[in-house]
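Contents: one structure, followed by commentary.
Every number in this text was worked out from the coordinates using simple rules, so none of it is lab data. Everything numeric here is computed off the predicted structure, so don't read it as measured data.
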Amino acid sequence: MREEAEKMPKFNNASPSPIVVVFDINGCLASTTIDRRSRGRLTLRPGVAEIARLEADGRFLCALWSSAMRHNAEKAGTALREATGLELETLLSREHTTAAPTKEVAHMTVKPLEARFTSLARVILVDDVPEKAAKGEEANLIAVPPWHGNEKCAVLSILVDRLLAADFTSKPEEGEEPAVEDVRSGVLGEISKEVSTMGFPPPAKPKAPMELPLERRADDWRGDNRREERREERRESRRDERRDDRRDGRRDGRWDERRDTRREERREERRGRGGDGFISRARSPRRGGGGGYADY
């Protein structure tokens with residue numbers, strides 16, 4: 001993948017082609033890290049449809065460059081195309097980046113514009129991580145505040161307004177060549193300063209539970225132990241009751257009824273044989289072996 005990216009020809013953005021505005025995706029146009037339970041669901045930043053006004057103006061062409069892997073960048077690109085109505089044909093991903101010279105942040109990459117575009121004078125990088133700009137290309141960067149999911153964010157709308165109103169034409173002095181458009185004239189730095197103050201802080205993390213004094217925690221432990229002892233006593237009582245029921249043959253609650261029925265049947269049988277109907281009990285082995293009492 002990276003070898004194919006290195007062989008990819010440069011995008012020709014020389015004059016009179018439109019100025020290319022390269023947008024980062026995660027943290028700039030969208031966010032995939034608001035809620036980890038969402039399993040990578042893409043949430044678009046408010047005002048993302050506003051970037052379509054840049055191409056409608058005719059001076060600009062929008063492109064995407066994400067530091068994510070190719071398949072993730074393509075999924076995000078599909079969602080952004082539907083939201084903006086733009087073609088966004090130029091979509092670069094992680095294999096088009098290079099490793100950052102510093103190791104302060106793990107897996108940090110930079111986006112070298114010179115390696116992908118023919119004219120640095122006509123390409124703008126919009127990213128929420130200023131360190132993504134390659135060395136010597138800081139003048140091509142508009143650093144926007146990262147988006148953390150706030151629905152009132154108006155950064156993209158203000159950014160589009162400022163780009164449409166910007167004049168990148170330098171004023172030549174006497175004897176110099178005619179004026180040309182160059183985005184590195186300092187206008188981008190002024191836009192960065194303005195939009196950087198419009199960000200919202202990330203959501204506050206929940207406070208850690210307050211540590212209780214040792215005496216208080218000891219009281220809680222003793223209370224927990226007492227509750228557990230009471231639970232165990234109830235369990236033991238229920239076990240004893242079930243054991244007694246099994247021993248007395250009262251598991252289903254009808255033992256007394258069956259006993260009285262058997263006695264009445266035996267009385268009727270003795271009356272039929274001329275006896276007085278009284279049932280006596282004598283020592284006799286039970287059916288199936290073992291000693292015990294049986295009714296006669």
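Once the cut-off is 25 Å, how many percent of the Cα-Cα pairs in the range 2-196 end up in the long-distance tail? Distances greater than 25 Å cover 34 percent of the Cα pairs.
In the range 2-196, the DSSP beta bridges split such that about 25 percent are antiparallel, to the nearest 5.
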